[in-house]
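Note sheet for the following structure.
The values are calculated or read from the model by the stated rules, or taken from the named source; none is laboratory data. The model shown is predicted, which means the values in this text are computed figures rather than measured ones. When we count neighbours, we look across all protein chains shown, and the Cβ atoms used for this are built from the backbone with ideal geometry, even at glycine.
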Amino acid sequence: MLCVSVIFQIEYSGEKHYRDAAGVVLSLTDAKGEVIASRGEQSVTVENLVPKTTYWFHIRARFADGTWGPRATTQSETLADGMFDVCFFSF
């Protein structure tokens, strides 16, 4: 039986484009953030995100020997309440 301890790092940033009252297109950038998922966690909730904003999430694993795996990237838009769940599973 092989037992592997994995820690996940989730880095994210967001960007939103909108028009002001004069019709000028403006951009809002949400600063980069990071969440570390501890060993044994199967899901992580990223909170306090800007509503209706496109976010890029970069997820990678740190293995028991200390090395980092390759990044997986996904993109999603937040809902009106500004909350987005990032879920992953360990086997």
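Looking at the stretch 18-73, which of the residues that are under 14 Å from the mean Cα position of the chain (by Cα), of a type in the set (Lys, Arg) and modelled with pLDDT of 90 or more is farthest from Phe8 (Cα to Cα)?
Checking each candidate, the answer is Arg71.
What are the pairs with Cβ atoms under 6 angstrom where one residue, in the stretch 17-36, is over 17 Å from Glu77 (Cα atoms) and the other, located anywhere, is of a type in the set (S, T, N, Q)? Sequence gap at least six, or different chains.
Ile36/Gln9
For Ser13, indicate whether it is in a strand (DSSP E or B), of a type in the set (Gly, Ala, Ser), at pLDDT 90 or above and within 16 Å of the chain's Cα centre (by Cα).
Yes: the conditions hold for Ser13.
So which residues in the stretch 39-50 are over 19 Å from Thr74 (Cβ atoms) and surrounded by 10 or more Cβ atoms within 10 Å (Cβ to Cβ), if there are any at all?
Arg39
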